[in-house]
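*Asks:* Shown below is the structure under consideration.
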Amino acid sequence: MTHDFSRLPELIDRHPRSPESLIMILQEIQREYRYLPCEALMQTAYALGVPLSRVFSAATFYNVFSLNPKGEKVIRVCVGTACHIRGAALIQDQLENLLHIKAGETSEDMKYTLEVVACVGACAMAPVVTVNEKYHGSVNPSRVKKLLKDK
Amino acid sequence: MSITTPQQLEKLHRECRAKRERDKKRVIVCCGTGCLANGAAEIVEAFHKTLKERKIEGFSVEAVKETGCHGFCEQGPLVVIEPHGTFYTHVKPKDVANIIDKSIADNQVIETLLYTDPVTNTKIERYPDVPFFSHQQRIALRNLGKIAANDIREYIAVGGYQALAKVLTSMKPDQIIQEMTDSGLRGRGGAGFLTGKKWRTCASIKDEPRYVICNGDEGDPGAFMDRSIMEGDPHSVLEGMMICAFAVGSNQGYIYVREEYPLAVIHLQKAINDCEREGLLGDNILGTGFSFRIRIARGAGAFVCGESSALMKSVAGEIGEPRAKYVRSVVKGLFDKPTVLNNVETFANVPIIIVKGADWYKSIGVPTSTGTKAFSLVGKVKNTGLIEIPMGMTLREIIYDIGGGIINDRPFKAVQTGGPSGGCLPESKLDLPVDFDTLTKAGSMMGSGGMIVMDDRTCIVDLAKYFLNFLVSESCGKCVPCREGLYQLHRIVTRITEGKATEADLAKAEKLSDAIVLGSLCGLGQSGANPFLSTIKYFRDEYLTHIREKRCPAGVCKALIRYEINDKCTGCVACVPACAYDSITGEKKKLHVIHQDKCTKCGACYAVCTYDAIDVI
Amino acid sequence: MVSLTINGKLVQAKEDEMLLAVIQRMGIDVPATCHHKAVEPFGACRLCTVEITRPEWDGWTKHVTSCLYPVEEGLVVSTHTPQVIELRKTILDLQLARSPKARYIQDLAAQYGIMRTSFEEVPDGNDCILCALCTRVCDEMGFRAISTVNRGHGKEVAPPLHEAPPDCVGCLACAQICPTNFIKYTDNGDIRTIWDKTFEMLKCEQTGQPTITRAFAEYLTKHRGIPENYFKLGDLKHRHETAATMGRVALWERQEKV
Amino acid sequence: MRARFYVNPILCTGCRTCELACSFTHSIGGKPGRSRIYPLPGGAPDLWVPVTCLQCDDPACAKSCLVNAITRNAETGAMDLDQEKCVRCMACIAACPFGCSLFDSFHNLVIKCDLCVGDPACAHFCPTKALRYEPVAVPVKRSA
């Protein structure tokens, strides 16, 4: 997959050039490209004067970052405690089945990425599924298919 | 124009308050994450659109306020008409025109939108009368659902930044710390360390610069109090931080917000920008010579970053591996400098303590745990949502009076507090008062405030497995007891849920748990065995049933159950498409059959069956 | 100087010392698999945990990792209480489940009476015990070429992007410090390979004896001010040159005297 | 520093007693170590030079050591190598222009002369006094 990396310097320049900014910059890059391309890691390391090993270490430590491109729609099943006891596992099971991918994977056509997330903080509406930034509360098995259809 | 003196602030406060009072009616649309998920944004839009077309005497679109979370997320989207307090639930965009015509223009109440009390089955008109709210006492959450979250003037109108003006003009740092100490406020992040004591230590260290960090990394699954405060009342957090900064002599603050809360970041950033514009953050605040700035640091998805030393590493742009805290972070914290780290809710409590005084605060709650505590009451309880109660209220009052009891009136089984590191309390402990020390003594903990209620359909062993799985995936992996120990403990508990364990395994798990508690480096590891230890303490029988009888009484552990269709089946075929594995067959209007060889025990059929025709055996 | 009691003996220690240093100086065998004097204490293996108390604590005790705990006046330390021994056993048992074939861990575990792990062996286990000595020594030396990646149970030591690390100079410190010899390298005198990166070896211009990698020498020249020409010869040839020079001087001095 | 190590090649007979003394003094576990002193031909017939660490004032070994394992011993004046700190990167061996940081392949250790913590065995046993360890008033400047 090729990318236009011309926006990288701009993303990096949104934050002060100090090691403190590392995680913030990686987040900008993740938002822009939906993953962290190698090129971006190297440019970030160079710009901040941080060793590449540290950048890679942070990129693999935190959940948000992904070294593989994510799909157009990132579907996150909240498996927080409240969601868990209200049947999040079942929702996850259904989604895995419908999309033919396991949690953490991306469909071959790059349309969907399925993830589980510890808690999105919408526990009162458990179980919760988010599609990109949109929250869907009180999801039940019959609503799962609909989730995939609408935008 | 920026505010440069306390007098100007006072003047602005009077102006804003007067403006607020001039509004005859105010429409409050809850825009917390819960209500947004249910379509609150569309409601706001509908108000704007409809009000463009219709002119109502003495009511403008400005009186429609988007506020933070009311707490009663279950019933969202919520609309409240002030000052009467008419409380509408489950509002849809199509209801908006009706609300404007009837309730705003004509003072009528729309019956169909009112909340129905599940216990008495009556409609309740005003929201303070709803039992969910009437049993609460809101201090940290005082402004949630009252003021527009994004408007600094609204905050100033209700007395915001008065506490800041008070400390800057009439109090010495030492007096502030003394006030905090006297109030008995304990850290709301979970450990319950005395806030005043922490500030005093920090202020006494002869090292500069000092930092103030607000911990908004609310990682406990099942908790969202801090999120609601950051989204709904960001200024109270900022004000609390400013007061703390003045008290300990700091000029730089950070708010660490977890990745999953993008809205909180937006609202906090807006609040910071507004404060900088108004001169409440920056150099020479209110002309007193005090300078303070706040930056937001975003988490990137790591539960362990809720631990103070890991959080500080993360703020510094490193990976969140905790360090041993033989030198406490209040002495050597961020960038090895003295650092006060408090939780969002703690900071939100600070301004009101300054305004109303330590004695007032101390009068609430119980002597060792003063004040109130916010909880997110979730799980299998009828009224789920965000609540704040005085310390000392019993679990039973919370679950049954505020929460309205268990869904479908099933039997109560356990309540889990304190997140993954906390514990489960059984029915026999329901009359315990909720405060730091009592919960700890009972084998659970206050934690940051997640309160998850479970009924008899929740398997305790499965729950322990769930939490252990969470902790294994969230362990930073630095120290052996946590990395390897929790992994092995999870393996043992998993074997129990699969019916493959023996009683010797149980003994081994207990011994291993002791080592994890004793040997781990940070709080995550040291409390990492709690999901197991606290459940085995009160629910040993359930473990033994899994081991000896190879049976899961709650019908949850897949390896130990099977689903079967009983003769209540009407042949409605609802379950057939629900089964993703084609394991249910049967003709319409005839008894259906589950083919056990294909069944993966996902429970989809059980979830969709409305005739109670599927048994879990 | 501070004085403290360790296993009943009164000992003296320097103020900024850590407990473990004093314990080891006394010849007490406390295992510590993530400890090395070249790097800062880390506190990851937890094997050096000891029990501490003070007379005024009224019998209350706590457990601390001795590698990270600074000595204190009047501290009372016990290194082998039943509880501590039990903890070490469990930790070694856990390490053995991850690294069943590592001799170093086998030997340590055997000392504590554990011949094989009582836990499930970790399916993707290997000899790496994640003590992070390699990454820490690399940091300490200033290269910061490798790091731990991922977290929790999936943590491992790896070069960035799992490719040849750009900052590595092939000094082998990581491989040398590794207590289980997990970090592999090859060196045939001409070429050294570590972390999938290949390095040219410098050789003595006269004897052909290989010394260090060219990249390492260049680093030392650039950052440590070691003249480039020092690296032209191996140590043997250097000694011969030294002898020749000193010999000339001695002869010259003798002639002067005569 | 109270004493200095003197080498007088003129007196050296190449008897190699110093080598033996050094090896045995630095034995580990009963096994003699590699010697840290070598009498080598001095470029003239019958001229031998015992080559050992000069304990330079500005030593290349310490500068090249990235973990600071080589430090000056204030008592003896020697550059001491802390074996517990050494990570065997061989930088000091490559950097020493006198070839006096050595590798003991038998014990897998980097070694160098430490003046036997103030009583060098080589000087002690040298039959001709070609090696001497004697008090000095003013240290002489030398550099690598």
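*Asks:* Hey, D:Leu20 hits all of (1) more than 13 Å from chain C (Cβ to nearest Cβ); (2) touching a His at 6+ places or on another chain (Cβ under 8 Å) but one; which does it fall short on?
*Replies:* Unmet condition: (2).
*Asks:* Is it fair to say B:Thr370 is in contact with a helix residue (DSSP H, G or I) (Cβ under 8 Å, 6 or more places away or on another chain), of a type in the set (Ser, Thr, Tyr), surrounded by fewer than 24 Cβ atoms within 10 Å (Cβ to Cβ) and in the same structural domain as B:Ile398 (by TED's automatic domain parsing)?
*Replies:* yes
*Asks:* Let me ask something else about it. Suppose the filter is under 28 Å from A:Lys134 (Cβ atoms), within 22 Å of the chain's Cα centre (by Cα), hydroxyl-bearing (Ser, Thr, Tyr) and not assigned by TED's automatic domain parsing to the domain that holds B:Leu164; does B:Thr89 pass it?
*Replies:* It is true that B:Thr89 is under 28 Å from A:Lys134 (Cβ atoms), within 22 Å of the chain's Cα centre (by Cα), hydroxyl-bearing (Ser, Thr, Tyr) and not assigned by TED's automatic domain parsing to the domain that holds B:Leu164.
*Asks:* Criterion first (within 14 Å of chain D (Cβ to nearest Cβ) and of a type in the set (D, E, K, R)) does C:Arg54 satisfy it?
*Replies:* Values: within 14 Å of chain D (Cβ to nearest Cβ): no; of a type in the set (D, E, K, R): yes.
No.
*Asks:* Just to be sure I understand the filter: pairs with C-beta atoms under 6 Å, separated by 6 or more residues or on different chains, first member in region C:160-180 and free of Cβ contacts under 8 Å to residues at least 40 places away in the same chain, second member of a type in the set (Ser, Thr, Tyr) and buried (at least 24 other Cβ atoms within 10 Å of the Cβ). Which pairs pass?
*Replies:* So the pair list comes out as C:Pro160/A:Ser53.
*Asks:* Go through B:Val91, B:Val96 for me and flag whichever is assigned to a loop (DSSP other than H, G, I, E, B) and buried (at least 17 other Cβ atoms within 10 Å of the Cβ).
*Replies:* The match here is B:Val91.
*Asks:* For region B:412-422, enumerate the residues that are within 11 Å of another protein chain (Cβ to nearest Cβ), outside any loop (DSSP other than H, G, I, E, B) and of a type outside the set (Lys, Arg).
*Replies:* Of everything in region B:412-422, those that are within 11 Å of another protein chain (Cβ to nearest Cβ), outside any loop (DSSP other than H, G, I, E, B) and of a type outside the set (Lys, Arg) turn out to be B:Ala414, B:Gln416, B:Thr417, B:Gly419, B:Pro420.
*Asks:* Would you tally the residues in region A:17-34 being touching a residue at least 12 places away in the same chain (Cβ under 8 Å), more than 15 Å from B:Glu318 (Cα to Cα) and part of a helix (DSSP H, G or I)?
*Replies:* Number of matching residues: 5.
*Asks:* Among the residues of region B:429-462, write down those that are under 20 Å from the mean Cα position of the chain (by Cα), of a type in the set (A, V, I, L, M, F, W, C) and more than 7 Å from every other protein chain (Cβ to nearest Cβ).
*Replies:* Those that are under 20 Å from the mean Cα position of the chain (by Cα), of a type in the set (A, V, I, L, M, F, W, C) and more than 7 Å from every other protein chain (Cβ to nearest Cβ): B:Val434, B:Phe436, B:Leu439, B:Met445, B:Met446, B:Met451, B:Val453.
*Asks:* Spot the failing condition for B:Leu425; the list is (1) within 13 Å of chain A (Cβ to nearest Cβ); (2) of a type outside the set (Gly, Ala, Ser); (3) touching a Leu at 6+ places or on another chain (Cβ under 9 Å), and only one is missed.
*Replies:* Of the numbered conditions (1) within 13 Å of chain A (Cβ to nearest Cβ); (2) of a type outside the set (Gly, Ala, Ser); (3) touching a Leu at 6+ places or on another chain (Cβ under 9 Å), the odd one out for B:Leu425 is (1).
*Asks:* Taking B:Val415, is it of a type outside the set (Lys, Arg) and in contact (Cβ under 8 Å) with a residue 60 or more places away in the chain? Let's see the steps before the verdict.
*Replies:* Working: of a type outside the set (Lys, Arg): yes; in contact (Cβ under 8 Å) with a residue 60 or more places away in the chain: no.
No; evaluated as a whole, the condition is false for this residue.
*Asks:* Where in region C:1-112 are there strands (runs of 3 or more DSSP E), lying fully within it, with 1 or more residues that are more than 24 Å from B:Leu521 (Cα to Cα)?
*Replies:* Hits in region C:1-112: C:2-6, C:9-13.
*Asks:* In region B:141-158, how many are out of contact with any Ser or Thr (no Cβ under 9 Å at 6 or more places or on another chain) and in a loop (DSSP other than H, G, I, E, B)?
*Replies:* 3
*Asks:* As an exercise: evaluate B:Arg138 against (1) within 14 Å of chain A (Cβ to nearest Cβ); (2) not aliphatic (A, V, I, L, M); (3) not in a helix (DSSP H, G or I) and give the number of the one condition it does not meet.
*Replies:* Evaluating B:Arg138 over (1) within 14 Å of chain A (Cβ to nearest Cβ); (2) not aliphatic (A, V, I, L, M); (3) not in a helix (DSSP H, G or I) leaves (1) as the failure.
*Asks:* How many residues, within region B:217-258, are surrounded by fewer than 24 Cβ atoms within 10 Å (Cβ to Cβ) and assigned to a loop (DSSP other than H, G, I, E, B)?
*Replies:* Adding up the residues that qualify gives 2.
Here's the yes/no breakdown for (1) of a type in the set (Lys, Arg); (2) more than 7 Å from every other protein chain (Cβ to nearest Cβ); (3) in contact with a helix residue (DSSP H, G or I) (Cβ under 7 Å, 6 or more places away or on another chain):
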{"site": "A:Arg31", "(1), (2), (3)": "yes, yes, no"}
{"site": "A:Gln43", "(1), (2), (3)": "no, yes, yes"}
{"site": "A:Ala59", "(1), (2), (3)": "no, yes, yes"}
{"site": "A:Val77", "(1), (2), (3)": "no, yes, yes"}
{"site": "A:His100", "(1), (2), (3)": "no, yes, no"}
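*Asks:* Next question. Any residue that is at pLDDT below 95 and on the phi > 0 side of the Ramachandran plot - is there at least one of those in region B:454-469?
*Replies:* Scanning region B:454-469 turns up no residue that is at pLDDT below 95 and on the phi > 0 side of the Ramachandran plot.
*Asks:* So C:Phe143 passes all but one of these: (1) assigned by TED's automatic domain parsing to the domain that holds C:Phe216; (2) not in a loop (DSSP other than H, G, I, E, B). Which condition number does it fail?
*Replies:* C:Phe143 satisfies all of (1) assigned by TED's automatic domain parsing to the domain that holds C:Phe216; (2) not in a loop (DSSP other than H, G, I, E, B) except (2).
*Asks:* Now a separate question. Quick one: in region D:76-108, which of the residues that are more than 26 Å from C:Ala215 (Cβ to Cβ) and small (Gly, Ala, Ser) is farthest from the other protein chains (Cβ to nearest Cβ)?
*Replies:* D:Gly77
*Asks:* Of all the helices (runs of 4 or more DSSP H) wholly in region B:289-365, which have at least 1 residues that are within 14 Å of chain A (Cβ to nearest Cβ) and in contact (Cβ under 8 Å) with a residue 40 or more places away in the chain?
*Replies:* B:308-315, B:344-356
*Asks:* So B:Lys198 clears everything in (1) surrounded by fewer than 24 Cβ atoms within 10 Å (Cβ to Cβ); (2) more than 14 Å from every other protein chain (Cβ to nearest Cβ); (3) not aliphatic (A, V, I, L, M) except one condition, right? Which one?
*Replies:* (1)
*Asks:* State whether one or more residues within region B:568-575 are in a helix (DSSP H, G or I) and of a type in the set (D, E, K, R).
*Replies:* Checked against the condition, which is being in a helix (DSSP H, G or I) and of a type in the set (D, E, K, R), region B:568-575 yields no hits at all.
*Asks:* Looking only at residues in region B:310-335 that are in contact with a Gly (Cβ under 8 Å, 6 or more places away or on another chain) and surrounded by fewer than 24 Cβ atoms within 10 Å (Cβ to Cβ), which one is nearest to B:Asn215 (Cα to Cα)?
*Replies:* B:Lys313
*Asks:* Tell me yes or no: at least one residue of region B:584-600 is of a type outside the set (S, T, N, Q), assigned to a loop (DSSP other than H, G, I, E, B) and in the same structural domain as B:Leu468 (by TED's automatic domain parsing).
*Replies:* Filtering region B:584-600 down to residues of a type outside the set (S, T, N, Q) leaves B:584, B:586-595, B:597-599.
Add one more test, that the residue is assigned to a loop (DSSP other than H, G, I, E, B), and what stays is B:586-592, B:595, B:597-599.
This time we only want the ones that are in the same structural domain as B:Leu468 (by TED's automatic domain parsing), so: none.
Within region B:584-600, not a single residue is of a type outside the set (S, T, N, Q), assigned to a loop (DSSP other than H, G, I, E, B) and in the same structural domain as B:Leu468 (by TED's automatic domain parsing).
*Asks:* Something else: Among the residues of region C:211-226, which ones are facing chain D (nearest Cβ under 10 Å), in a helix (DSSP H, G or I) and either in contact with a strand residue (DSSP E or B) (Cβ under 7 Å, 6 or more places away or on another chain) or buried (at least 17 other Cβ atoms within 10 Å of the Cβ) (or both)?
*Replies:* The answer is C:Phe216, C:Ala217, C:Tyr219, C:Leu220, C:Thr221.
*Asks:* Taking A:Pro9, is it part of a loop (DSSP other than H, G, I, E, B), over 30 Å from B:Gly418 (Cβ atoms), over 18 Å from the mean Cα position of the chain (by Cα) and not assigned by TED's automatic domain parsing to the domain that holds A:Val139?
*Replies:* No; evaluated as a whole, the condition is false for this residue.
The values are calculated or read from the model by the stated rules, or taken from the named source; none is laboratory data. Not measured: the values here are computed from a predicted model. For neighbour counting, all protein chains shown are included, and Cβ atoms are generated from backbone atoms with ideal geometry for every residue, glycine included.
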